[in-house]
Amino acid sequence: MSLIQSQDHDDGVRILRIDNGKPNAVSTAMSTELIAALETAEKDTNAVIITGRPGMFSAGFDLGTMSEGLQAAAEMVENGGRLALAIYKRPKPIVGAISGHAVAMGLFMAMVCDYRIGAAGKFKYQANETAIGMTLPDFAIQFSRAALSKRHFDRVIVQAEQYDPEGARDCGMIDELVEPDALEARALEVATHFATNLKQPAFRNNKRLSHGPTATSIAEKLEENVRKAMGA
């Protein structure tokens, strides 16, 4: 069964919906499948929306894999880093429709989208790694530094502070909030605007110039930094 559901809309917009059980876990298989879906979308779409299940964007890495040992866990985290890089570097626009809770890797995956729309409600946004005794990999820190307000960075990354959707908008995790039943329509509106009004190759070139230094820094030592963070 596919972990990524694909749906095409007008103006070359494709929705990629993560469908990996109740927590929408970021497993090695899910990362691999979403990267492949993004590569396919690059060839035949003008913009992509990444979303999750109602009430749950993603709760982070798959806990079952984490319990399988250091090698399996490190491979999963590294693949998560490659997924975040694939989103961050994509030459065409990516809108994140954050459909609920966004925790740990789920939060980092949201923050690397070009524009992020959150569903209002009693949802949690948190990088909880310090609270659960985990050292963050370098890619998570660098992507967070690029997205977050400076005044919130330590509160999010070092102190593992939990945010509601309003707080998430204030600190830079997301760009706007809508009611849950309006989320997909608003994401389509934004993605269609990007697809039709942001000119190529200017979008690709300006994104590359803006994101390139961070992406290169992460990519050059991704495996080494993940294993260092995990004590491998």
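Are any residues in the range 52-72 in contact with a strand residue (DSSP E or B) (Cβ under 6 Å, 6 or more places away or on another chain) and surrounded by fewer than 24 Cβ atoms within 10 Å (Cβ to Cβ), and if so, which ones?
Residues satisfying the conditions are Gly55, Met56.
Just a yes or no: is a residue in the range 55-62 part of a strand (DSSP E or B) and touching a residue at least 60 places away in the same chain (Cβ under 8 Å)?
yes
The conditions are (1) without any contact (Cβ under 8 Å) to a residue 40 or more places away in the chain; (2) within 22 Å of Ala146 (Cα to Cα), and Pro91 fails exactly one of them. Which is it?
Of (1) without any contact (Cβ under 8 Å) to a residue 40 or more places away in the chain; (2) within 22 Å of Ala146 (Cα to Cα), only one is false for Pro91: (1).
Out of Ala160, Ala119, Ala104, report the one residue that is among the aliphatic types (A, V, I, L, M) and within 12 Å of the chain's Cα centre (by Cα).
Testing whether each residue is among the aliphatic types (A, V, I, L, M) and within 12 Å of the chain's Cα centre (by Cα) leaves just Ala104.
So which residues in the range 1-30 are in a helix (DSSP H, G or I) and under 22 Å from Ala191 (Cα atoms), if there are any at all?
Those that are in a helix (DSSP H, G or I) and under 22 Å from Ala191 (Cα atoms): Asp10, Asp11, Gly12.
Taking the stated definitions as given, is Gly81 within 14 Å of the chain's Cα centre (by Cα), in a helix (DSSP H, G or I) and more than 24 Å from Asp10 (Cβ to Cβ)?
yes
Quick one: would you say Ala73 is within 26 Å of Val190 (Cα to Cα) and not hydroxyl-bearing (Ser, Thr, Tyr)?
no
Select from the range 129-158 the residues that are of a type in the set (Ser, Thr, Tyr) and crowded, with 16+ Cβ neighbours inside 10 Å and list them in ascending order.
Listed by number, the list holds a single entry, Ser144.
Please enumerate the residues belonging to the range 84-109 that are among the aliphatic types (A, V, I, L, M) and in a loop (DSSP other than H, G, I, E, B).
Within the range 84-109, Ala104 is the sole residue that qualifies.
For residues that are charged (D, E, K, R) and over 19 Å from the mean Cα position of the chain (by Cα), scanning just the range 186-203, find the one that is surrounded by the most Cβ atoms within 10 Å (Cβ to Cβ).
Across the range 186-203, the extreme among qualifying residues is Glu189.
Just to confirm my filter: which helices (runs of 4 or more DSSP H) fall fully inside the range 114-209 and include at least 3 residues that are modelled with pLDDT of 95 or more and out of contact with any helix residue (DSSP H, G or I) (no Cβ under 9 Å at 6 or more places or on another chain)?
It comes to 165-171, 183-197.
Name the pairs whose Cβ atoms lie under 8 Å apart, with the first residue in the range 142-153 and within 14 Å of Pro213 (Cα to Cα), the second of a type in the set (Phe, Trp, Tyr) and buried (at least 20 other Cβ atoms within 10 Å of the Cβ), and 6 or more positions between them or separate chains?
Sorted first by the residue in the range 142-153, then by its partner, the pairs are Phe143/Tyr88; Phe143/Phe108.
Can you find a residue in the range 39-46 that is modelled with pLDDT of 95 or more, part of a helix (DSSP H, G or I) and within 30 Å of Met230 (Cβ to Cβ)?
Looking through the range 39-46, at least one residue is modelled with pLDDT of 95 or more, part of a helix (DSSP H, G or I) and within 30 Å of Met230 (Cβ to Cβ).
The values are calculated or read from the model by the stated rules, or taken from the named source; none is laboratory data. Model, not experiment: these values are computed from the prediction. In this analysis, Cβ positions are derived from the backbone assuming ideal geometry, glycine residues included, and neighbour counts consider all displayed protein chains.
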